[in-house]
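The values are calculated or read from the model by the stated rules, or taken from the named source; none is laboratory data. All values derive from a computational prediction rather than experimental measurement. Cβ placement follows ideal geometry from the backbone for every residue including glycine, while neighbour counts extend to all protein chains displayed.
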């Protein structure tokens, strides 16, 4: 199957799967099966990740911090973007019919695709659910796989969008939709709450060869941003290819969403530089230069920004190399009463060279997440958040957790006695802790609540 037909098949399959799953809510979920026309799953596509509390309160993950949970990632054959089913028309996860270019708050429903047996991630009102995921489509060989020469625009746009998304992705979904007694959805578009998060990535980019699999190319980027402007639907020209809202590409060389990098997609869809600006300005989840004045001035904790860490001279395990965050993302979102927001950061290499004998803790990918105090406050939903629960999903590490029945790990991020700055890390390894942290591990059990969730189709 040539790749143009493959792309159309994937989109149409996703739409059909969504319709089938919505029609047969009683179908028994099953773990997905790998697609035969995409590069095979690499060894270790489901791996264990380690969640730490920033007990040192310095903005970097080091041995003084506390390991509080271990989780395994989710996986899907579809892209980490389309896993959210964020689309127009009667294809959304809850059966809403959205206007093609309407800017209403569309709902997001992450799903591991397997026909009528697809598994939908549970959601809760006024809660944030995090997960790590591996996408077979993201991990295709986008640098070498050719497309139909007759569809150059589609070929270039698809390849360019995915080429740096090998590896893993971090996803999250916020809130759930309301439901009337008759099972219909009110689709109340009034503000339900706000979320303010900063996300920084240390050593997430990498290009390397995987034995018996091929070249991995990873560079963290926003793969999905809910509430993006309707014109983001104009992605790949052609029938069946414009059903999901794709953000533009971030230019890592100029550290902005440059016209040069996005010109091919925009021109192919008769869009101009003003349209690109509109698209970028509408993104509630955006990437920024981690050392820019924007990040310095707008981050939740100004004294913990990447530039502040460099200014303070914080180093890694060598004692001489400054600790650097190469990527910065911000979530500044308002979710509607009857919509579930979400986001995806794809292209996380997931590498580590950690050696316990050397305790070289700086040689690993680290994702840092800060959540603002206001996100947890109640009150006027136009100015304050209403989040009362934060969950990280485990798909295999803890007892009872599977790909279709995850275990919830609840993080009490609003409790300042446990998380003084509402911060946690997602790391690659279990590091050798400082002696004081070993003593405190008993306290860590109080931070978590593990609960197995029954699957629920959206």
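Tabulated data
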item	result
Among the residues listed as 393, 425, the single one being in contact with a strand residue (DSSP E or B) (Cβ under 6 Å, 6 or more places away or on another chain), more than 27 Å from residue 353 (Cβ to Cβ), surrounded by 20 or more Cβ atoms within 10 Å (Cβ to Cβ) and touching a residue at least 60 places away in the same chain (Cβ under 8 Å)	393
Check on residue 222, touching a strand residue (DSSP E or B) at 6+ places or on another chain (Cβ under 8 Å), under 30 Å from residue 353 (Cβ atoms), part of a strand (DSSP E or B) and touching a residue at least 40 places away in the same chain (Cβ under 8 Å)	yes
Residue within segment 149-168 that is at pLDDT below 90, surrounded by fewer than 19 Cβ atoms within 10 Å (Cβ to Cβ) and in a loop (DSSP other than H, G, I, E, B) present	no
Among residues of segment 106-117, those that are in contact with a helix residue (DSSP H, G or I) (Cβ under 8 Å, 6 or more places away or on another chain) and closer than 22 Å to residue 179 by Cα, counted	4
Top-ranked residue of segment 329-346 - restricted to ones that are outside any strand (DSSP E or B) and touching a strand residue (DSSP E or B) at 6+ places or on another chain (Cβ under 7 Å), ranked as nearest to residue 250 (Cα to Cα)	340
Flag for residue 183 being more than 30 Å from residue 265 (Cα to Cα) and without any contact (Cβ under 8 Å) to a residue 24 or more places away in the chain	yes
Checking residue 146 against (1) modelled with pLDDT under 95; (2) surrounded by 24 or more Cβ atoms within 10 Å (Cβ to Cβ), the condition it does not meet	(2)
Criterion (assigned to a helix (DSSP H, G or I), in contact with a strand residue (DSSP E or B) (Cβ under 8 Å, 6 or more places away or on another chain) and either modelled with pLDDT under 90 or over 27 Å from residue 195 (Cβ atoms) (or both)) met by exactly one of 400, 444	444
Restricting segment 339-367 to residues that are touching a residue at least 12 places away in the same chain (Cβ under 8 Å) and farther than 26 Å from residue 74 by Cα, the residue that is surrounded by the most Cβ atoms within 10 Å (Cβ to Cβ)	360
Helices (runs of 4 or more DSSP H) contained in segment 230-328 and holding at least 2 residues in contact with a helix residue (DSSP H, G or I) (Cβ under 9 Å, 6 or more places away or on another chain) and touching a residue at least 24 places away in the same chain (Cβ under 8 Å)	259-268, 273-282, 306-312
Hits in segment 15-40 (condition: at pLDDT 80 or above and in contact with a strand residue (DSSP E or B) (Cβ under 8 Å, 6 or more places away or on another chain))	29, 30, 31, 32, 33, 39
Unmet requirement for residue 374, which otherwise passes all of (1) over 19 Å from the mean Cα position of the chain (by Cα); (2) part of a loop (DSSP other than H, G, I, E, B); (3) within 29 Å of residue 290 (Cα to Cα); (4) modelled with pLDDT under 95	(2)
Selection from segment 40-58 of residues that are outside any strand (DSSP E or B), out of contact with any helix residue (DSSP H, G or I) (no Cβ under 7 Å at 6 or more places or on another chain) and surrounded by 19 or more Cβ atoms within 10 Å (Cβ to Cβ)	54
Scan of segment 96-124 for residues that are in a loop (DSSP other than H, G, I, E, B) and crowded, with 19+ Cβ neighbours inside 10 Å, ordered by number	105, 106, 107, 108, 109, 110, 113, 117, 118, 121, 122, 123
Some residue of segment 203-210 being more than 16 Å from the chain's Cα centre (by Cα), loosely packed, with under 15 Cβ neighbours inside 10 Å, touching a residue at least 12 places away in the same chain (Cβ under 8 Å) and over 26 Å from residue 153 (Cβ atoms)	yes
Selection status of residue 328, at pLDDT below 95, crowded, with 23+ Cβ neighbours inside 10 Å and under 20 Å from the mean Cα position of the chain (by Cα)	no
Condition check for residue 71: assigned to a loop (DSSP other than H, G, I, E, B) and within 29 Å of residue 418 (Cα to Cα)	no
Single residue of segment 179-191 satisfying the filter (surrounded by 15 or more Cβ atoms within 10 Å (Cβ to Cβ) and in a loop (DSSP other than H, G, I, E, B)) that is modelled with the lowest pLDDT	185
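Listed here are the residues, each with its yes/no results for (1) under 30 Å from residue 262 (Cα atoms); (2) modelled with pLDDT of 95 or more.
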residue: 177; (1), (2): no, no
residue: 200; (1), (2): yes, yes
residue: 235; (1), (2): yes, no
residue: 241; (1), (2): yes, no
